[in-house]
Amino acid sequence: MATKRIVVAEDDAAVSYTLSRYLRSLQYDVVEVASCHGIKELFRTSCPDAAILDYSLPDGNALEILPLLKQSHPSVPIILLTGNGTIELAVQAIKEGADQFLTKPVQLSAIAVLLDRMLQNQRVQQKQMAQKIREGRELTNPFLGNSPAIRELQEQVERIQRSQCPLLITGETGTGKGVLARWIHAHSLRAEEPFVDLNCAGFGRELLETELFGHEAGAFTGAVQRKVGLLEVAQGGTAFLDEIGDMDIQVQPKLLKILEERRFRRLGDVRERQLDIRLIAASHQDLGQLVQEKKFRSDLYFRVSTVVLRMPSLRERMEDIPVLARFFFRRAALEIGRPNLKLTAPLEEKLAGYRWPGNVRELKNAMERAALLATGDAVRIHDLHLEFDGRAVQPGAEEGGGELHTLSEMEDIHIRRMLAAEKGNIARAAVRLGIARSSLYNKIKVYGIDCLNRPTGDATRAGQVSSPPPAVNAPSSPQGHTPATVLQ
């Protein structure tokens, strides 16, 4: 972990030497200054972890500069020392921003205990800033299954589990690169520290810079207040940069500098801040090819790819599909309060033969959708809303009866059923179908549905059922990660 940097502001050379030497013996990085001007200049050009200030200095007293120091660095704890302490002075010092007020003489061990406690509180506050990112995330085992491909991946991860080196996770979209990154962090030496992730594909250059590095108030038009960057929030923990291959070429050298020097600056700031993070990057693209195309810096590529882990696609681990399907389905059924739901054997057989172009993410979404749409205790093939062998499955088809329809015919049938259920009310039907009212009007026109004059009359077309299943707005394609959002 990075060494904590402590500022000691004392004009008595003997006191300053004794205190600084003692703190250095405790493995702190100590910077000595002897005036109010020196403190202000140091806070202007750098960011210490804590400060110990003498009340009386040659060019003023600490109370005069405390508000300025706290305004620029509100999270930096400050201990104020004085030779003539009074209750009034102590109250004023705390009011102006001092975290602790001590009267000389004071034991060095007492200062050490206070310093350690304040730095611990500082770390707790940093963790709380990252708490929103971690809340609600269930740690999923990325090694579910018994295929050779997933067992080989697990062996690779176990060999580098205690390492702090940068990792690059490759693989197709939806294979679970983010799940693997989160699992590695949770089983690393940094498990108790923040885990912060950012999808680089979702940002332009300017927005990506401020999300990564943060900015000061006034750094650019619209920057009305200070923003802490995600890398700073990840201090001591892990930063996961998803789709790093889409990172703007102008941002890449700044990230490289951080990885090499472990220092960074917020936008609009002159102070350099120390950074101690473990970087995990991921990409579905071939970064080596991007390097050849001059779209990705070769030096950054070599830096982030110290160890490369490849997530196999579901096509490479077909035998794991039933295990994964049961896991996702069981979890979805429990979440919606339907623990008795189960997958049928014919359905599991169909799932194992489907190619899953969206990989694990598509399978997970399909299981959640099946749990929501199932009308009985057993999920059937048509509840998945997938195409097997190029055709959508119609109710009853898996049992050998009923006619198979195209996707357009299925959509026509489903829209008519929703309109019939809502007695021709287009607004309510659009809500149940999960589409905009204008989109529903267009589909009504395309399929020639006469719902305004005869709200339920045309619902007797082929495929009608006596009671329509509950509608769910479930996307048919896997969604990407969202950047996630941090609260100030």
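Where a number appears in this text, it was derived from the coordinates with a stated rule and is not lab data. Quantities reported herein were computed from a predicted structural model and do not represent experimental measurements. Glycine gets a Cβ as well: all are built from the backbone with ideal geometry, and neighbour counts include every protein chain shown.
Data overview
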| quantity | calculated |
| --- | --- |
| Cut-off under 5 Å, modelled amide H: who pairs with residue 263 long-range | 275 |
| Cα-centred dipole magnitude for segment 5-132, charges only on beta-carbon of K, R (+1) and D, E (-1), debye, nearest 20 | 620 |
| Relative contact order for segment 5-132, counting Cα pairs under 8 Å that sit 6 or more residues apart, in percent | 21 |
| Estimated vicinal HN-Hα couplings, Hz - segment 47-63 in sequence order (Karplus 6.51, -1.76, 1.60; Gly, Pro = x) | 10, x, 8, 6, 9, 10, 10, 7, 5, 9, 10, x, 10, x, 10, 5, 4 |
| Cα centroid separation, segment 53-93 to segment 156-200 (Å) | 43 |
| In Hz, Karplus ³J(HN,Hα) per residue of segment 226-243 (6.51, -1.76, 1.60; θ = phi - 60°; x = Gly, Pro) | 5, 10, 7, x, 5, 5, 5, 5, 7, 3, x, x, 10, 10, 10, 9, 7, 6 |
| Segment 260-270 - phi-based ³J(HN,Hα) in whole Hz, Karplus 6.51/-1.76/1.60, Gly and Pro as x | 7, 9, 6, 9, 7, 10, 5, 4, x, 10, 9 |
| In segment 290-338, trypsin sites (Lys or Arg not before Pro) in a DSSP loop with at most 11 other beta-carbon atoms within 10 Å | 294 |
| Sequence-distant lysines (8 or more away, or on other chains) whose Cα lies within less than 22 Å of residue 40 | 4, 70, 95, 227 |
| Full-stretch length increase - residue 336, residue 446 - with 0.36 nm per residue and alpha-carbon distance subtracted | 36.1 nm |
| Long-range amide H partners of residue 278 with built H, under 5 Å | 237, 238, 239 |
| Alpha carbon convex hull of segment 148-312, projected area averaged over orientations, nm² | 9.7 |
| Most to least packed among 36-42, 10-16, 366-372, 239-245 [average Cβ atoms within 10 Å] | 239-245, 366-372, 36-42, 10-16 |
| Cα-centre dipole for segment 148-202 with unit charges at Cβ (Lys and Arg positive, Asp and Glu negative), debye to 20 | 60 |
| Cut-off under 5 Å, modelled amide H: who pairs with residue 57 long-range | 62 |
| Of all DSSP beta bridges in segment 20-117, antiparallel share, percent nearest 5 | 20 |
